[in-house]
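Just below is one structure, and these are the notes that go with it.
The values are calculated or read from the model by the stated rules, or taken from the named source; none is laboratory data. None of the values given here were measured: they were computed from a predicted structure. Don't worry about glycine lacking a Cβ; one is built from the backbone with ideal geometry, like all the others, and counts go over all protein chains shown.
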Amino acid sequence: MSRIVPEVKSIPLTVLKTDGRMMPFKIEKIVAAIEKANHMNGQSDSEDAAELQNIINKIHIQMQSYTGEKITTEAIHERVESMLATSELTQTAANYHQYRLNKRKARESQRSIESRVQSLIQADETILNENANKDSRVFNTIRDLTAGVTAKALGLRMLPAHVENAHLRGDIHFHDLDYHPYSPMTNCCLIDFEYMFEQGFTIGNAEVEKPKSIQTAAAQMAQIIANVSSSQYGGTSADRIDELLSPYAQMNEQKHRAEAEKWVQPDKQADYAWEKTKKDIYDAMQSLEYEVNTLYTSNGQTPFVTFGFGLGTNRYEREIQKAILTVRIQGLGKECRTAIFPKLVFGIREGVNLRPTDPNYDIKQRAIECATKRMYPDIINYDKLVALTGSYKVPMGCRSFLQSWQDADGNEVTNGRMNLGVVTLNVPRIAIESNGDMQEFWQLLRERIAIVKDALVYRVERVKEARPENAPILYMNGAWGHKLTAEEDVDTLFKNKRATVSMGYIGLYESAAVFYGPAWEKNPEAKAFTLEILKELKRNCDNWGNEYGYHFSVYATPSESLTDRFCRLDMEKFGEVSDVTSKGYYTNSFHYDVRKKPLPFEKLDFEKDYPVYSSGGFIHYCEYPNIRQNPKALEAVWDYAYDKVGYLGTNTPIDKCFECGYSGDFNPTARGFECPHCGNHNPETCDVVKRTCGYLGNPQKRPMVSGRHKEILARKKHM
Ligand SMILES: [Zn+2]
């Protein structure tokens with residue numbers, strides 16, 4: 001469509017927006033609104049371009065001669081409406097009127113509890129499938145969703161008006177509105193299990209003592225995880241669990257030794273005790289796997305749990321690592337289904353397991369086998385992660401990373417710290433809106449960043465209103481490394497940058513595509529542009545951190561539902577923009593366009609520069625064909641990645657059909673996935689596992705939002 005450009009120059013008039021913000025008057029916004037109104041009604045152009053141009057000029061002159069200092073948005077729209085109504089452009093006038101009406105209705109409906117619950121009852125796909133980890137058929141999920149839409153409508157009204165507006169418009173996304181700010185809940189954390197085990201803790205009415213065997217320690221872990229997961233809305237992580245559980249495995253061995261001294265010949269006592277201990281370790285890790293997969297939190301989802309392991313080198317630690325991998329390779333139940341929780345993250349470190357001469361190289365081989373068969377473990381490269389974030393640790397949830405932090409005594413602390421929430425910026429929209437004008441892009445970006453700041457500061461202020469009794473497991477029983485009294489201030493655990501709060505971003509690919517075309521990956525200017533965006537985000541986050549005393553971090557948003565939501569809203573707003581909205585989804589954070597087919601090495605080389613400015617959360621993946629027969633190929637990529645990226649996941653086809661025995665990649669169809677051999681798509685007799693965001697999911701059992709489904713269909717293998 002040809003753009004209508006006003007013939008008069010811009011004027012210094014301030015517009016008072018409905019949410020209280022002041023913006024300079026821009027005639028282009030009125031032009032865009034009229035075009036959008038026409039577009040929404042299926043009309044590609046105004047019936048008379050010359051007449052429309054004439055009206056735009058008239059409005060502009062009227063505004064120029066406006067004598068007041070400020071004018072409200074409503075007043076401007078009323079003028080436009082009446083101007084159109086008295087013109088020849090009857091269709092455009094009707095469209096514009098309808099457009100204004102729809103906008104008002106949509107906004108009211110988002111804030112109306114009744115209309116949100118109505119949508120839920122009418123099974124609105126965007127509500128039901130928002131989270132791939134929830135089974136929307138079961139009672140407690142339905143109940144949780146109902147509570148969620150209610151909390152969301154109420155939460156929206158609590159937000160600062162301009163933040164609410166920006167969220168509803170799709171300029172930003174205020175994540176997890178179904179929990180926060182309605183309740184002052186936090187996002188994700190690393191649990192301080194060591195502190196809890198050592199100190200003993202309380203769950204409900206039960207006093208729990210320090211465990212005396214690995215089985216008890218593992219059982220307690222499962223209980224703590226369930227409890228923590230119900231007290232926050234994001235992921236729960238356990239770091240270095242081989243090292244954490246090793247002292248308890250040692251207790252098992254001591255018991256078996258004592259027993260052996262009574263009953264076994266002296267030369268066989270040590271072997272006997274060790275064999276028994278290995279069996280205990282395996283059983284404990286197997287129970288933990290089953291526990292986590294059978295757990296349901298109060299909101300009807302399997303808890304988002306991540307286990308980090310792999311760096312311990314004593315024999316207990318080695319045995320625990322081997323057991324975790326063996327249990328995962330084995331699979332769940334008699335059909336040996338792939339466990340999608342806990343997410344496994346395996347640490348790789350030079351001198352520990354990287355090279356054939358390292359003591360744990362054999363365990364790395366098992367980790368590779370496990371990844372080719374079950375996709376997990378993802379890997380963390382020790383040295384690179386330390387370079388990026390200042391210290392080694394597993395992510396909180398699927399990809400949120402804490403940054404190095406020392407307590408008052410100078411000790412490096414990771415366990416017991418948390419993230420307070422995420423707000424994500426719709427970067428592709430800014431690129432579209434700037435109409436190819438770079439200066440306009442940076443101006444808009446800065447305006448939107450300012451809104452994200454207000455949103456994040458509000459998040460922090462709101463979580464500080466929690467009282468320790470709201471979540472005893474977190475604040476009073478030690479999951480966060482302290483036991484606060486009921487009267488203490490929860491901020492004790494957040495302030496001085498102990499907690500992080502994150503600004504997310506999405507669609508760097510689409511943003512650069514607007515300016516440099518769809519194949520910009522090898523264009524240095526385009527890449528510098530995308531990096532400059534992240535630097536701008538980071539500069540702001542660093543400043544806010546110093547201003548407020550919380551760690552504001554830049555986060556590569558995975559968002560299960562956002563890839564769909566932002567793109568859908570921009571499609572409504574701007575229509576089909578080729579390679580941007582036309583795909584039906586936005587690309588995850590800084591990731592390589594999934595439709596292309598770079599080698600894994602090329603992909604890693606391209607992506608490795610981004611986490612430097614996005615250390616609050618990131619992950620890279622490579623897509624492989626079936627590599628079960630070729631584990632060395634995967635190892636080659638892992639080794640190549642060691643000094644380049646901090647955190648890497650494997651995507652490979654591991655779907656299984658229990659009707660015909662097929663194993664490999666199920667065919668994507670419009671409604672889900674089916675066996676390419678026999679056409680089976682019954683979730684009861686097949687096991688389909690895809691990476692929906694940082695986590696794996698079972699899309700056949702729990703469908704994804706359509707944007708994510710389209711994105712998965714578009715993924716190309718990198719080998
Ligand atoms: Zn089949």
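Kindly list, by first and then second residue, each pair from a residue in the stretch 573-597 that is over 16 Å from TYR516 (Cα atoms) to a residue that is buried (at least 22 other Cβ atoms within 10 Å of the Cβ) and basic (Lys, Arg), limited to pairs with Cβ atoms under 7 Å and residues at least 6 apart or on different chains.
That search, which allows pairs on different chains as well, returns TYR585/ARG708.
Among (1) under 25 Å from the mean Cα position of the chain (by Cα); (2) under 21 Å from LYS279 (Cα atoms), there is one condition THR326 misses while meeting the rest; what is its number?
(1)
Considering (1) at pLDDT below 95; (2) within 13 Å of the ligand (Cβ to nearest atom); (3) not aromatic (Phe, Trp, Tyr), say which one GLY697 fails and leave the rest.
(2)
Which ones in the stretch 455-470 are touching a helix residue (DSSP H, G or I) at 6+ places or on another chain (Cβ under 6 Å), surrounded by fewer than 18 Cβ atoms within 10 Å (Cβ to Cβ) and part of a helix (DSSP H, G or I)?
So the first thing to find is which residues in the stretch 455-470 are touching a helix residue (DSSP H, G or I) at 6+ places or on another chain (Cβ under 6 Å), and the list is 455, 464, 466, 468.
The next check asks that each one be surrounded by fewer than 18 Cβ atoms within 10 Å (Cβ to Cβ); those that pass are 464.
Within the stretch 455-470, no residue meets the criteria.
Does the stretch 537-549 include one or more residues that are farther than 25 Å from THR186 by Cα and among the aliphatic types (A, V, I, L, M)? Steps first, please.
Going residue by residue through the stretch 537-549, those that are farther than 25 Å from THR186 by Cα are none.
No: zero hits.
Starting from residues that are within 14 Å of the ligand (Cβ to nearest atom) and charged (D, E, K, R), keep the ones in the stretch 648-690 and report whichever is farthest from LYS710 (Cα to Cα).
Out of the qualifying residues, it is GLU659.
Cβ-Cβ below 6 Å, separation at least six or inter-chain, first residue in the stretch 383-396 and more than 14 Å from GLU412 (Cβ to Cβ), second among the aliphatic types (A, V, I, L, M) and at pLDDT 95 or above: which pairs?
VAL394/VAL345; MET396/LEU190
Could you tell me whether LEU604 is aliphatic (A, V, I, L, M), more than 16 Å from ILE712 (Cα to Cα) and surrounded by fewer than 19 Cβ atoms within 10 Å (Cβ to Cβ)?
no
Checking LYS716 against (1) buried (at least 17 other Cβ atoms within 10 Å of the Cβ); (2) more than 16 Å from the ligand (Cβ to nearest atom), which test does it fail?
Only one criterion is unmet by LYS716, namely (1).
Do any residues in the stretch 647-662 that are under 14 Å from ARG337 (Cα atoms) have Cβ atoms under 9 Å from those of residues that are assigned to a strand (DSSP E or B) and more than 16 Å from the ligand (Cβ to nearest atom), where the two are at least six apart or on different chains, and which pairs are they?
ASP655/LYS690
Can you pull out the residues in the stretch 184-218 that are touching a residue at least 60 places away in the same chain (Cβ under 8 Å) and part of a loop (DSSP other than H, G, I, E, B)?
Scanning the stretch 184-218 gives PRO184, MET185, THR186, ASN187, ILE191, ASP192, SER213.
For the structure I just gave you, tell me whether VAL705 is closer than 21 Å to GLY308 by Cα and more than 16 Å from the ligand (Cβ to nearest atom).
no
Can you pull out every residue in the stretch 357-376 that is touching a strand residue (DSSP E or B) at 6+ places or on another chain (Cβ under 7 Å) and under 11 Å from ILE329 (Cβ atoms)?
Correct list: ALA367, ALA371, TYR376.
Report, by residue number, each residue of the stretch 234-252 that is crowded, with 21+ Cβ neighbours inside 10 Å and free of Cβ contacts under 8 Å to residues at least 60 places away in the same chain.
Scanning the stretch 234-252 gives LEU244, TYR248, ASN252.
Restricting to the stretch 672-707, name every residue that is in contact (Cβ under 8 Å) with a residue 12 or more places away in the chain, charged (D, E, K, R) and more than 24 Å from PRO395 (Cβ to Cβ).
Residues satisfying the conditions are ASP687, LYS701.
From the list ALA633, ALA641, which residue is touching a helix residue (DSSP H, G or I) at 6+ places or on another chain (Cβ under 6 Å), closer than 17 Å to ILE379 by Cβ and more than 16 Å from the ligand (Cβ to nearest atom)? Lay out the reasoning, then the answer.
Values: ALA633 fails: touching a helix residue (DSSP H, G or I) at 6+ places or on another chain (Cβ under 6 Å).
Sole residue among the options that is touching a helix residue (DSSP H, G or I) at 6+ places or on another chain (Cβ under 6 Å), closer than 17 Å to ILE379 by Cβ and more than 16 Å from the ligand (Cβ to nearest atom): ALA641.
Looking only at strands (runs of 3 or more DSSP E) that lie completely in the stretch 7-117, which have at least 1 residues being charged (D, E, K, R) and in contact (Cβ under 8 Å) with a residue 24 or more places away in the chain? Step through it out loud before you land on a result.
On the way: elements: 14-16, 22-24, 70-72.
Where strands (runs of 3 or more DSSP E) fall fully within the stretch 7-117 and carry at least 1 residues being charged (D, E, K, R) and in contact (Cβ under 8 Å) with a residue 24 or more places away in the chain, they are 70-72.
Say we look at the stretch 631-645 and pick out the residues that are of a type in the set (A, V, I, L, M) and under 28 Å from CYS188 (Cα atoms); which of these is surrounded by the fewest Cβ atoms within 10 Å (Cβ to Cβ)?
First, the residues of the stretch 631-645 that are of a type in the set (A, V, I, L, M): 633-634, 636-637, 641, 645.
From the residues that got through so far, the ones that are under 28 Å from CYS188 (Cα atoms) too are 641, 645.
Values: ALA641: 22, VAL645: 24.
In this case the residue turns out to be ALA641.
Being touching a residue at least 40 places away in the same chain (Cβ under 8 Å), away from the ligand (no atom under 16 Å from the Cβ), closer than 22 Å to LYS603 by Cβ and crowded, with 23+ Cβ neighbours inside 10 Å is the requirement here; does ARG628 meet it?
Spelling it out, it is not the case that ARG628 is touching a residue at least 40 places away in the same chain (Cβ under 8 Å), away from the ligand (no atom under 16 Å from the Cβ), closer than 22 Å to LYS603 by Cβ and crowded, with 23+ Cβ neighbours inside 10 Å.
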